[in-house]
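J.: This is the structure, below, for whatever I ask next.
The values are calculated or read from the model by the stated rules, or taken from the named source; none is laboratory data. Just so you know, these numbers come straight off a predicted model, no measurement behind them. Heads up, the Cβs are rebuilt from the backbone with ideal geometry, glycines too, and the neighbour counts pull from every protein chain shown. The accessibility values were calculated without ligands, DNA or RNA, using every heavy atom of the protein model including side chains. Shrake-Rupley method; radii C 1.70, N 1.55, O 1.52, S 1.80 Å.
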Amino acid sequence: MSTQSPSSERYRELLARQLAGRPDRGPEWLEAYRVAAVQRLDQLEMPERRQEAWRYTSIEPLLQPELEPVSEPEVPPTLAEIEALLLPETEGIRLVLVNGRYAPGLSNLSRAGSAEVQSLGEALRARGGEAARLLGSLAGPGDHAFGALNAALAQDGALVRIPRDVSAEHPIEVLHLAVPSKGGQVAQPRHLVIVEPGARAVLVERFLALGSPLYFNNLVCEVLVGQSAQLIHQRLQAESPNALHLSQLHIRLEEGSQYRGLTVALGAAWSRTELKVRFGAPGGECLLDGLYMAGDRQLVDVHLDVDHAVPGCASRTRFRGILDGQGRAVLDGRVLVRKHAQKTNAHLSNANLMLSRGAEIDTKPQLEIFADDVQCGHGTTVGQLDPDALFYLRARGLGETEARRMLSLGFAAEVLDCVSVAGLRDQAVALLEQRLDCSPRARAEEVE
Amino acid sequence: MLSIKGLKVAVDGKEILKGIDLEVQPGETHAIMGPNGSGKSTLAHVLAGRDGYEVTAGTVTFEGMDLLGLPPEERARQGLFLAMQYPVELPGVNSMSFLRASLNAVRKARGEPEMDAAAFLRLVREKAQLVDLDPSLLKRSVNSGFSGGEKKRSEILQMALLEPRLAILDETDSGLDIDALRVVATGVNGLRSPHRAMVVVTHYQRLLDYIEPDRVHVLGGGLILRSGGKALALELEDRGYGWILEEAAA
């Protein structure tokens, strides 16, 4: 494109195009929420690199004129295609979103037992669901333009409620599937996850694509973990190589509760995951693990915002990254321990493995501590494969490509070993292996 | 089997090996002794193909092949094994997967079929017994959290699995107490055969009480200063290295 309008113009066009596709009219409180979000959108500046939160990440790729609001897929996926993707552990329980829209024919919620899993859109239309009224209680009208855009258009996604003292028997899956459609499109999925006091559940979330369509998945997910409740939330982002992906997770932990989140980000041309953690009462524990890989024409961004505003809570954040080719990654992690948050335990670590000279990482872990009786620490490493380790493997007969792959998988294992849903772990390992085999260096060796 | 002729090696422009000649025949065990800095480990590393060493002169042939022209993995596949002085820890790399990948790479080069998981498991258990290595250690990542003795035993286990034609043991005795030394030596002796040669690199004569060499070579200042039978090792035990270095300087 030789003659391109300025970014700000294309940004306004993007918003106008999206907002033109008004969602179904909802209950009054929802309409008020959407109106507040639209107003917020008017006030907010366009995210730009001069703003701290976007310093390392340009939103330019999101401003493509091809991106339209969601339309019907050209060829809807079949039940057989969905079934081929399922993990054995979930017993077929899943809520499927195709291009961001709930697909009842492809979902199976009949076996969820005492866990309530339903389409957020249906819950909103039914107007009865009290649970749905918690929508926006953590995310508000949006921290930035894309949060506000999601709020303004939110009408579909998953509503998960684990009733008081219930332990969900099987992992529950929310499967985001992207399939080719006319042009590119923007989906605004929205989840609300409520784990009531004493309840426990495992939630699996996967982002997969059939083919390599262009789309922008703009997700907001609110998670409320009640007193003494536990949620294990394991996510695999394996979007299409042309996709744009933004996930905003808002997590609130009540007294004595635990949230164990894990995100594996391997796909998409441009992706950003924002994790915002708030503690409502003492005794909350938040464990965040992550693995990202970025290769040629790929940007992976992780933003962490953990705010210890009450005493006696723990957070442990551990992200590992593998960068290859011309890949770029950003890790911006902020952990704040406020003055009254005594007896806080907060740790933040980020390790990066650089497989090529052309790769780039911007890592900025920040620990801001205003309390004096705390245990906190952070650490960052950026390194290459250890030449001694490479020699060791080669001296045992393994070729260089295989040796590099084995060591890279070993680096990732610290995170992947934490994936408790075995089928999900296997898929993540297989995808990572594929990515490592496609690395520019591995391909160059094959040609030789 | 192994023929080294006029080998000169430099590291960062500094000559470390200044013309080594050595012939090793199948079935033989050679000891390479010498004080620190004499070039023993350099020789072991150059034979295994480690980066960072510049061969400035000489040839090395192994079973008729030009060894120096092969990458390290090809040397291993052709039957050369280096038991390392400092085996590295490989966090996250599963021991069993590593051992199986290594064995299958070597088997493939020998024209043998890949070994399936069950047969492999039986083989590893049997070989682990040979070096008295707790098989539960193999559930960990490679060498991770192993003691010094466990690391050395794990090296000999790998050697037993890969059944090399030529094994080079680089300071395998360093850091071992006498019991561990006995176990390692028993493992090594169990692998001696008329078809297999061994080169034992060591600073101390102690190891040679347990692994009896056919030939002993004293390395000093990058040259083999003296070669002899096992009696030479005992003489070194009594008299140290000084007299040989002095004679060489004279």
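J.: Within the stretch B:46-78, count every residue that is part of a helix (DSSP H, G or I) and either away from every other protein chain (no Cβ under 14 Å) or open to solvent by 30 Å² or more (accessible area, probe 1.4 Å) (or both).
T.: Qualifying residue count, the stretch B:46-78: 4.
J.: Can you tell me which of (1) at pLDDT below 95; (2) open to solvent by 40 Å² or more (accessible area, probe 1.4 Å) is the one A:Pro365 doesn't meet?
T.: (2)
J.: Hey, another quick one. Please specify each residue of the stretch A:191-206 satisfying the condition of being open to solvent by 10 Å² or more (accessible area, probe 1.4 Å) and in contact with a helix residue (DSSP H, G or I) (Cβ under 7 Å, 6 or more places away or on another chain).
T.: Of everything in the stretch A:191-206, just one residue is open to solvent by 10 Å² or more (accessible area, probe 1.4 Å) and in contact with a helix residue (DSSP H, G or I) (Cβ under 7 Å, 6 or more places away or on another chain), namely A:Ile194.
J.: Scan the stretch A:39-55 and tell me whether some residue there is surrounded by fewer than 17 Cβ atoms within 10 Å (Cβ to Cβ), of a type in the set (Asp, Glu), more than 27 Å from A:Gln298 (Cα to Cα) and modelled with pLDDT of 90 or more.
T.: Yes, some residue in the stretch A:39-55 is surrounded by fewer than 17 Cβ atoms within 10 Å (Cβ to Cβ), of a type in the set (Asp, Glu), more than 27 Å from A:Gln298 (Cα to Cα) and modelled with pLDDT of 90 or more.
J.: Continuing with the same structure: Quick check on this structure: which one of B:Met115, B:Met84 is in contact (Cβ under 8 Å) with a residue 24 or more places away in the chain and either buried (at least 17 other Cβ atoms within 10 Å of the Cβ) or touching a helix residue (DSSP H, G or I) at 6+ places or on another chain (Cβ under 8 Å) (or both)?
T.: B:Met84
J.: Kindly establish whether A:Pro65 is assigned to a loop (DSSP other than H, G, I, E, B) and either buried (at least 17 other Cβ atoms within 10 Å of the Cβ) or of a type in the set (Phe, Trp, Tyr) (or both). Outline the logic, then answer.
T.: Working: assigned to a loop (DSSP other than H, G, I, E, B): yes; either buried (at least 17 other Cβ atoms within 10 Å of the Cβ) or of a type in the set (Phe, Trp, Tyr) (or both): no.
Here the answer is no, as A:Pro65 does not meet what is asked.
J.: Something else now. Among the residues of the stretch A:344-363, which ones are charged (D, E, K, R) and in contact (Cβ under 8 Å) with a residue 40 or more places away in the chain?
T.: Of all residues in the stretch A:344-363, those charged (D, E, K, R) come to A:357, A:360, A:362.
Selection gives A:Asp362 alone.
J.: Checking the structure you have, find out if any residue of the stretch A:214-231 is in contact with a Leu (Cβ under 8 Å, 6 or more places away or on another chain), small (Gly, Ala, Ser) and open to solvent by 10 Å² or more (accessible area, probe 1.4 Å).
T.: Looking for residues that are in contact with a Leu (Cβ under 8 Å, 6 or more places away or on another chain), small (Gly, Ala, Ser) and open to solvent by 10 Å² or more (accessible area, probe 1.4 Å), one finds none in the stretch A:214-231, hence no.
J.: Out of everything in the stretch A:72-124 that is surrounded by fewer than 19 Cβ atoms within 10 Å (Cβ to Cβ) and among the polar types (S, T, N, Q), what residue ends up being farthest from A:Glu222 (Cα to Cα)?
T.: A:Thr78
J.: Quick one: would you say B:Leu22 is within 14 Å of chain A (Cβ to nearest Cβ) and modelled with pLDDT of 95 or more? Break it down into steps so the answer makes sense when it comes.
T.: On the way: within 14 Å of chain A (Cβ to nearest Cβ): no; modelled with pLDDT of 95 or more: yes.
The answer is no for B:Leu22.
J.: Still on this model: Is it the case that some residue within the stretch B:126-133 is in contact with a Gly (Cβ under 9 Å, 6 or more places away or on another chain), of a type outside the set (Gly, Ala, Ser), within 10 Å of another protein chain (Cβ to nearest Cβ) and not in a helix (DSSP H, G or I)?
T.: No, because not a single residue in the stretch B:126-133 is in contact with a Gly (Cβ under 9 Å, 6 or more places away or on another chain), of a type outside the set (Gly, Ala, Ser), within 10 Å of another protein chain (Cβ to nearest Cβ) and not in a helix (DSSP H, G or I).
To keep it simple, each residue is scored yes or no on (1) in contact (Cβ under 8 Å) with a residue 60 or more places away in the chain; (2) open to solvent by 10 Å² or more (accessible area, probe 1.4 Å); (3) facing another protein chain (nearest Cβ under 9 Å).
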| site | (1), (2), (3) |
| --- | --- |
| A:Gly383 | no, yes, no |
| A:Leu393 | no, no, yes |
| A:Gly410 | no, no, yes |
| A:Gln427 | yes, yes, no |
| A:Ala430 | no, yes, no |
| A:Glu433 | no, yes, no |
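J.: Report the residue count in the stretch A:8-18 for those that are out of contact with any strand residue (DSSP E or B) (no Cβ under 7 Å at 6 or more places or on another chain) and surrounded by fewer than 16 Cβ atoms within 10 Å (Cβ to Cβ).
T.: Taking the stretch A:8-18 as the starting set, the residues that turn out to be out of contact with any strand residue (DSSP E or B) (no Cβ under 7 Å at 6 or more places or on another chain) are A:8-13, A:15-16.
Now narrow it down to the ones that are surrounded by fewer than 16 Cβ atoms within 10 Å (Cβ to Cβ): A:8-9, A:12-13, A:16.
The total comes to 5.
J.: Another question, then. Of all residues in the stretch A:281-297, which are part of a loop (DSSP other than H, G, I, E, B), over 30 Å from A:Gln434 (Cβ atoms) and open to solvent by less than 30 Å² (accessible area, probe 1.4 Å)?
T.: The answer is A:Ala281, A:Gly284.
J.: It is to be established whether one or more residues within the stretch B:224-245 are touching a strand residue (DSSP E or B) at 6+ places or on another chain (Cβ under 6 Å), touching a residue at least 12 places away in the same chain (Cβ under 8 Å) and under 23 Å from B:Ser102 (Cα atoms).
T.: no
J.: Here's something else I'd like to know. Any residue at all in the stretch B:168-183 that's surrounded by fewer than 22 Cβ atoms within 10 Å (Cβ to Cβ) and within 14 Å of chain A (Cβ to nearest Cβ)?
T.: So far as the stretch B:168-183 goes, no, none of its residues is surrounded by fewer than 22 Cβ atoms within 10 Å (Cβ to Cβ) and within 14 Å of chain A (Cβ to nearest Cβ).
J.: Now, a different point. If we only count strands (runs of 3 or more DSSP E) wholly inside the stretch A:83-176, which ones have 2 or more residues that are farther than 30 Å from A:Glu45 by Cβ and in contact (Cβ under 8 Å) with a residue 60 or more places away in the chain?
T.: Answer list for the stretch A:83-176: A:94-98, A:158-162.
J.: Taking A:Gly383 as the residue in question, decide whether it is touching a Pro at 6+ places or on another chain (Cβ under 6 Å), within 30 Å of B:Leu103 (Cα to Cα) and modelled with pLDDT of 95 or more.
T.: no
J.: May I pose another question? Considering the stretch A:172-215 alone, what residues qualify as being of a type in the set (Lys, Arg) and modelled with pLDDT of 95 or more? Steps first, please.
T.: Step one: of the stretch A:172-215, the residues of a type in the set (Lys, Arg) are A:182, A:190, A:200, A:206.
Those that are of a type in the set (Lys, Arg) and modelled with pLDDT of 95 or more: A:Arg190, A:Arg200, A:Arg206.
J.: Could you pull out the residue among A:Val335, A:Val415 that is of a type in the set (A, V, I, L, M, F, W, C), away from every other protein chain (no Cβ under 14 Å) and either closer than 30 Å to A:Val202 by Cα or open to solvent by less than 30 Å² (accessible area, probe 1.4 Å) (or both)?
T.: Just a single option satisfies the conditions, and that option is A:Val335.
J.: Which number in (1) assigned to a helix (DSSP H, G or I); (2) open to solvent by less than 40 Å² (accessible area, probe 1.4 Å) marks the one condition that B:His217 misses?
T.: Of (1) assigned to a helix (DSSP H, G or I); (2) open to solvent by less than 40 Å² (accessible area, probe 1.4 Å), only one is false for B:His217: (1).
J.: Inside the stretch A:179-251, counting only strands (runs of 3 or more DSSP E) that do not spill past its ends, which hold 1 or more residues that are among the charged types (D, E, K, R)?
T.: Working: elements: A:184-187, A:190-195, A:200-209, A:215-225, A:230-237.
Output list reads A:190-195, A:200-209, A:215-225, A:230-237.
J.: Given (1) hydroxyl-bearing (Ser, Thr, Tyr); (2) at pLDDT 95 or above; (3) open to solvent by 20 Å² or more (accessible area, probe 1.4 Å), identify the lone condition not met by A:Ser240.
T.: Answer for A:Ser240: the failing condition is (3).
J.: Of the residues A:Ser271, A:Ser257, which single one is among the polar types (S, T, N, Q), crowded, with 22+ Cβ neighbours inside 10 Å, within 16 Å of the chain's Cα centre (by Cα) and modelled with pLDDT of 95 or more?
T.: A:Ser271
J.: Sticking with this one: Go through the residues of the stretch B:21-40 one by one and say whether even a single one is assigned to a strand (DSSP E or B), among the hydrophobic types (A, V, I, L, M, F, W, C), open to solvent by 10 Å² or more (accessible area, probe 1.4 Å) and out of contact with any helix residue (DSSP H, G or I) (no Cβ under 9 Å at 6 or more places or on another chain).
T.: No, there is no match, as no residue in the stretch B:21-40 is assigned to a strand (DSSP E or B), among the hydrophobic types (A, V, I, L, M, F, W, C), open to solvent by 10 Å² or more (accessible area, probe 1.4 Å) and out of contact with any helix residue (DSSP H, G or I) (no Cβ under 9 Å at 6 or more places or on another chain).
J.: What are the pairs, 6+ residues apart or on separate chains, where a residue within the stretch B:157-180 that is farther than 18 Å from B:Leu47 by Cβ has its Cβ under 6 Å from a residue that is assigned to a strand (DSSP E or B) and open to solvent by less than 10 Å² (accessible area, probe 1.4 Å)?
T.: B:Asp173/B:Thr202
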